[in-house]
Amino acid sequence: MKNKKYFYEDRELNEKELLNELERASRVSRVKKTIEMLEGGETALDVGCNAGFMTVMIAEKYKKVIGIDVLHNNIEIAKNLFSKPNIKYITMNALNITSNFEEEMFDCIVITEVLEHVANPNLLIQNCYQLLKPKGILIVSTPNAYSLKAFMDYITSRNLTHKIKQLESQKMGIGTQIDHIFNWDIFTLARLFIINRFKVKDFNFAGAYWPNIIKWIPEDLLGIKLAEPKWLLSILGRFAYQIILKLSKF
């Protein structure tokens, strides 16, 4: 339907508005870097698939993909706009996945921007371990506690008591940053998975950070060419908004 309305992240959008929004979301560095980490295979599970814009990318590398999301509106959008023969979308709470799927069913599980939302992240990790095949791959992205954005949000909040009080009036359960209840740096995040019998195979950072600024700095400032300072990028990248881990079962 041309004038069909969709409810997405607590907003009502028409199809054109929604597609523009999701197209922008699909181009962010977190999505690109997550997809690059995929190895391909038979089966994949996209936990917290949102509206399905990344699920279709996963489906290019796996023969069968299941996308789940706790928000029914997201699943309906995914079914309407991002359907493919090898994808199945299901409305489901991430903490209930072991009761809905067989053990060692998936070659890969993707959890992007979900872990910070769930009340029991440790249980979700244990569930993923149970559902992964031997040597299966788990790819996780979550906000970085050491990001420049987190730091700026903290130091620019003049009245912390007032800021905390505001939390009581926030609308919850809409799948946005308002629902974040956990935050990790890369070391505590890695440790969380290691104690649950995962091995870190690779990691990366994504999102806006200081290197976006240096393109306006003269290259010869202080005698250092700042346009492509790999040593500087490797350090400043640690302050990006998201951490991405690629893990495998021990």
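Can you pull out every residue in segment 212-238 that is modelled with pLDDT of 50 or more and either among the polar types (S, T, N, Q) or closer than 21 Å to K33 by Cβ (or both)?
Of everything in segment 212-238, those that are modelled with pLDDT of 50 or more and either among the polar types (S, T, N, Q) or closer than 21 Å to K33 by Cβ (or both) turn out to be P229, K230, W231, L232, L233, S234, I235, L236, G237, R238.
Rundown of residues vs (1) under 28 Å from F101 (Cα atoms); (2) out of contact with any Leu (no Cβ under 8 Å at 6 or more places or on another chain), yes/no style:
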| site | (1), (2) |
| --- | --- |
| K135 | yes, yes |
| L138 | yes, no |
| T142 | yes, no |
| A145 | no, yes |
| T156 | no, yes |
| T161 | no, yes |
| I164 | no, yes |
| Q170 | no, yes |
| Q177 | no, yes |
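Please work out if K149 is in contact (Cβ under 8 Å) with a residue 12 or more places away in the chain, basic (K, R) and surrounded by fewer than 12 Cβ atoms within 10 Å (Cβ to Cβ).
no
Counting only residues that are of a type in the set (A, V, I, L, M, F, W, C) and in contact (Cβ under 8 Å) with a residue 24 or more places away in the chain, which one in segment 152-181 is surrounded by the most Cβ atoms within 10 Å (Cβ to Cβ)?
I174
Being crowded, with 22+ Cβ neighbours inside 10 Å and either part of a helix (DSSP H, G or I) or of a type in the set (A, V, I, L, M) (or both) is the filter here, so list the residues in segment 67-81 that pass it.
Of everything in segment 67-81, those that are crowded, with 22+ Cβ neighbours inside 10 Å and either part of a helix (DSSP H, G or I) or of a type in the set (A, V, I, L, M) (or both) turn out to be I68, N74, I77, A78.
Against the conditions (1) loosely packed, with under 15 Cβ neighbours inside 10 Å; (2) under 30 Å from T91 (Cα atoms), where does L124 fall short? Just the number, please.
Of (1) loosely packed, with under 15 Cβ neighbours inside 10 Å; (2) under 30 Å from T91 (Cα atoms), only one is false for L124: (1).
Please enumerate the residues belonging to segment 4-19 that are surrounded by fewer than 12 Cβ atoms within 10 Å (Cβ to Cβ) and part of a helix (DSSP H, G or I).
Answer for segment 4-19, where residues must be surrounded by fewer than 12 Cβ atoms within 10 Å (Cβ to Cβ) and part of a helix (DSSP H, G or I): just K16.
Output the number of the condition that I68 fails; it satisfies all remaining conditions of (1) modelled with pLDDT under 95; (2) closer than 24 Å to D179 by Cα.
Checking I68 against (1) modelled with pLDDT under 95; (2) closer than 24 Å to D179 by Cα, the one that fails is (1).
Residues that are at pLDDT 95 or above and under 27 Å from M57 (Cα atoms): find the helices (runs of 4 or more DSSP H) completely inside segment 82-195 holding 3 or more of those.
Those helices (runs of 4 or more DSSP H) span 121-131, 186-194.
Scan (1) of a type in the set (A, V, I, L, M); (2) in contact (Cβ under 8 Å) with a residue 12 or more places away in the chain; (3) more than 30 Å from E103 (Cβ to Cβ) for the single condition L13 breaks and write down its number.
With respect to (1) of a type in the set (A, V, I, L, M); (2) in contact (Cβ under 8 Å) with a residue 12 or more places away in the chain; (3) more than 30 Å from E103 (Cβ to Cβ), L13 is out only on (2).
Given Y241, Y209, which one is at pLDDT below 90, touching a Gly at 6+ places or on another chain (Cβ under 7 Å) and surrounded by 13 or more Cβ atoms within 10 Å (Cβ to Cβ)?
It is Y209.
Out of everything in segment 75-112 that is polar (S, T, N, Q) and farther than 23 Å from L38 by Cα, what residue ends up being nearest to the chain's Cα centre (by Cα)?
Going through the qualifying residues, I end up with N93.
Looking only at segment 20-63, count every residue that is part of a strand (DSSP E or B) and surrounded by 17 or more Cβ atoms within 10 Å (Cβ to Cβ) and tell me the total.
Final tally of qualifying residues: 6.
The values are calculated or read from the model by the stated rules, or taken from the named source; none is laboratory data. Just so it is clear, the model here is predicted, and its values are computed rather than measured. Please note: Cβ atoms are built from the backbone with ideal geometry, for glycine as well, and neighbour counts cover all protein chains shown.
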